[in-house]
Amino acid sequence: NNSLTNSAGFNSAQQEYPSYPGFGQGQYAQYYNSSPYTSPYMTSNNTSPSTPSTTTTYTLQEPPTGITSQALTDNPAGEYSTIHSPSTPIKDSDSDRLRRASDGKSRGRGRRNNNPSPPPDSDLERVFIWDLDETIIVFHSLLTGSYANRYGRDPPTSVSLGLRMEEMIFNLADTHLFFNDLEECDQVHIDDVSSDDNGQDLSTYNFSADGFHAAATSANLCLATGVRGGVDWMRKLAFRYRRVKEIYTTYKNNVGGLLGPAKREAWLQLRAEIEALTDSWLTLALKALTLIHSRSNCVNILVTTTQLIPALAKVLLYGLGVVFPIENIYSATKIGKESCFERVIQRFGRKVVYIVVGDGVEEEQGSKKHNMPFWRISSHSDLMALHHALNLEYL
């Protein structure tokens, strides 16, 4: 029943699964379509569930009180993943800076499967593939003011918050994650160039003096034509991605420690302000993400159109590092989301069930092609409904 091979195609009209008797009539109708999808979520003891007499209506709740003070007084040890603040860093399609590396700079010489990350657990049953912007975090619509217009907020305030977060994202990416060096050498996955790494100790390595950036600039080594450097240059590239991986893993629970005291306070304040403006959007998303993460048979995967390095900066700054280990993050800038989905399927196999959570056409089309259920996020109530379905173990 967990095989996806017999799943029928998805259509644009979203209706509930006929095979989901556990759902209240119409309760989750908008998230499922009418195809005869063999439900992998049914268990033997769910043979005769009763239909609730009333349909639950999700209404937007008031944001939790004390968000700002809670965030600003958070434990310095860094439980930042629980800070309530949703902001969505830039979508590449709307950012000139992210667009610059949009087309396949560094092709990986055909080595698409060199993921030294641990193999999936044998008891893994479900893989949730998440979009980032406007699904988990609200960022692009902050910059454009569209969120403010939709929910009756002040557009200038919204744009200001978005610009401040954008600056913080790129500052973190440039200062700590080598974005100046790696912007034109973008990768889909953190381990894509790991086969060029000789394992050298980097504790005393001088990245600023190894000649990597000058060589890359003068020789145009990361062009879309696939022209690449020699063994020595590729090793230096791999060193940078290894260090990025180390920094992410070390500080994913303590982003404030990475930023330093002054920037930490500014970061917490900004997140609290964004969370208040967006009615606790990130808090709602984190509830669902955390519930999935707590299950031994489920895993969260992130597939975003943002370049990999800025995407990692976004994930850190929004406190999502706990629910997204770095090996579970994929950038679709070069290859598109559908190809990223194929890589995820190749990694975890076809015996598990994949569920795509997103707001855009690209992830919906990708899920349709691979016969994956698609859960659309377009409002707070969609996030609430998702958490509710997870909490009742419908998903």
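At a 1.4 Å probe radius, which order do Arg164, Arg350 fall into by accessible area, largest first?
Arg350, Arg164
Binning at 10 angstrom from zero up to the longest distance, how are the C-alpha pair distances of segment 126-392 distributed in percent?
For segment 126-392, the binned pair fractions read 6, 28, 34, 23, 8, 0 percent.
Ranking request for peptides 130-137, 321-328: highest mean number of other beta-carbon atoms within 10 Å first, then the rest in descending order.
Ranking, from highest mean packing down: 130-137, 321-328.
Among 177-186, 247-256, how do they line up from the highest to the lowest mean number of other beta-carbon atoms within 10 Å?
Ranking the peptides 177-186, 247-256 by packing returns 177-186, 247-256.
Of the cross-linked pairs Lys252/Lys368; Lys245/Lys369; Lys236/Lys334, which ones have a Cα-Cα span greater than 27 Å in the structure shown?
Lys252/Lys368; Lys245/Lys369
Students often check this: by mean Cβ neighbours within 10 Å, which of 383-395, 296-308 ranks highest, and how do the rest follow?
Ranking, from highest mean packing down: 296-308, 383-395.
The values are calculated or read from the model by the stated rules, or taken from the named source; none is laboratory data. Quick caveat, the model's predicted, so the values are computed rather than measured. Glycine gets a Cβ as well: all are built from the backbone with ideal geometry, and neighbour counts include every protein chain shown. Accessible surface areas use protein heavy atoms only, side chains included; no ligands, DNA or RNA. Shrake-Rupley method; radii C 1.70, N 1.55, O 1.52, S 1.80 Å.
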